[in-house]
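The values are calculated or read from the model by the stated rules, or taken from the named source; none is laboratory data. Keep in mind that this is a model prediction, so the values were computed, not measured. Cβ coordinates were reconstructed from backbone atoms using ideal geometry, including for glycine residues, and neighbour counts include every protein chain displayed. Note: accessible area is taken over every heavy atom of the protein model, side chains too, but ligands, DNA and RNA are not part of it. Shrake-Rupley method; radii C 1.70, N 1.55, O 1.52, S 1.80 Å.
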Amino acid sequence: MEGYDLIGDVHGCGATLAALLEKLGYHQRSGVYRHPHRKVIFLGDLIDRGPRIRLAVTIARRMVEQGEAYIVMGNHEYNALAYTHPGPAGSHKRWLREHTPRHNRIIQDTLEQYRDYTNEWEDTLAWFKTIPLCLEVDGIRVVHACWDQKLIDELKQRRPDQCMDTEFLVESTDPTTQAYQILDRLTRGPHVSLPEGIAIHSGDGFTRKSFRAHFWAQDPQQWGDVVFQPDNLPGDLETRELTAEERQQLSYYGPEQPPLFIGHYWCEGIPSLPAGNIACLDYSAVKYGRLVAYRWSGETTLNADHFVWIKVPKEERALPKPWEIDFD
């Protein structure tokens with residue numbers, strides 16, 4: 001083993017994923033992408049929004065099951081599990097994740113692409129439940145959105161395999177529970193609520209009443225010190241002082257900690273490092289950005305020269321056929 005190739009949010013860009021793996025030196029043998037000296041770590045969010053969701057899931061799952069890759073849970077895999085799981089007995093909720101217009105829209109492409117493959121979809125959901133929420137391997141840490149050591153310790157105490165069971169899944173949809181706190185922080189990251197009456201009208205068509213915050217500012221004072229998303233804060237909110245309560249709710253990952261790889265945050269432009277020991281690999285692939293990997297080979301200080309990416313074409317289906325995987 002020479003190291004790991006960590007791959008950010010695929011979001012159904014399955015043909016681009018195959019092309020990226022080829023660029024990284026992985027080749028299909030017996031329907032599985034393999035490398036003679038390296039393995040992949042997927043950062044979650046394989047599904048939703050993109051045109052080749054089944055292909056993306058199939059590539060990743062076959063690699064994981066054949067020992068050629070690891071994977072951590074993304075919030076979209078979690079959302080799919082909650083969306084398709086009935087609400088608890090005696091609850092007013094029909095589903096753990098309500099089928100609101102917003103939630104329906106997010107998962108619509110996934111459900112459409114699995115519509116004629118119901119057994120495959122059920123099997124895929126069962127596989128999602130086996131995906132851990134975080135990973136530590138060979139000196140690196142991997143989580144979809146935020147590494148919060150206190151919550152990860154609580155997760156390990158409760159679930160040593162760091163995976164969800166049905167009880168944890170059901171509990172995680174109740175905001176008053178420990179499971180919710182763990183799941184929300186690890187797969188969605190810190191959020192700061194916007195003032196009453198103010199919202200962000202995001203480029204993806206959604207309206208948000210909070211902003212995504214990062215967790216590597218040692219002593220943040222203003223909202224602009226922690227905002228981490230492509231959408232700008234309205235007005236002069238970047239200069240708004242963080243309250244003591246808001247600072248207390250933020251996580252912190254210091255520069256002395258092991259290298260950490262995350263996705264989730266819809267970065268844009270040329271991949272860069274937000275900190276010397278942190279790499280974000282979500283570069284908005286499904287919005288015709290980049291599908292990004294980081295080639296890690298044992299370094300404790302990360303190097304932006306180790307990013308590898310492919311720009312996603314306007315018509316992702318148009319990528320050459322040789323990268324298609326045979327589902328049969």
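Across the range 300-312, the qualifying residues are those that are surrounded by 13 or more Cβ atoms within 10 Å (Cβ to Cβ) and not in a strand (DSSP E or B), and the one among them that is modelled with the lowest pLDDT is 312. Taken together, the criteria place residue 268 among residues that are assigned by the TED database to the domain that holds residue 127 and charged (D, E, K, R). Each residue in the range 108-131 was checked for being farther than 30 Å from residue 278 by Cα, open to solvent by 50 Å² or more (accessible area, probe 1.4 Å) and not in a helix (DSSP H, G or I), and 3 pass. Every listed requirement among (1) at pLDDT 95 or above; (2) under 17 Å from residue 214 (Cα atoms); (3) surrounded by fewer than 21 Cβ atoms within 10 Å (Cβ to Cβ) is met by residue 282 save one, (3). Only one entry in 140, 152, 131, 182 is closer than 25 Å to residue 91 by Cβ, touching a residue at least 24 places away in the same chain (Cβ under 8 Å) and out of contact with any Gly (no Cβ under 6 Å at 6 or more places or on another chain), namely 182.
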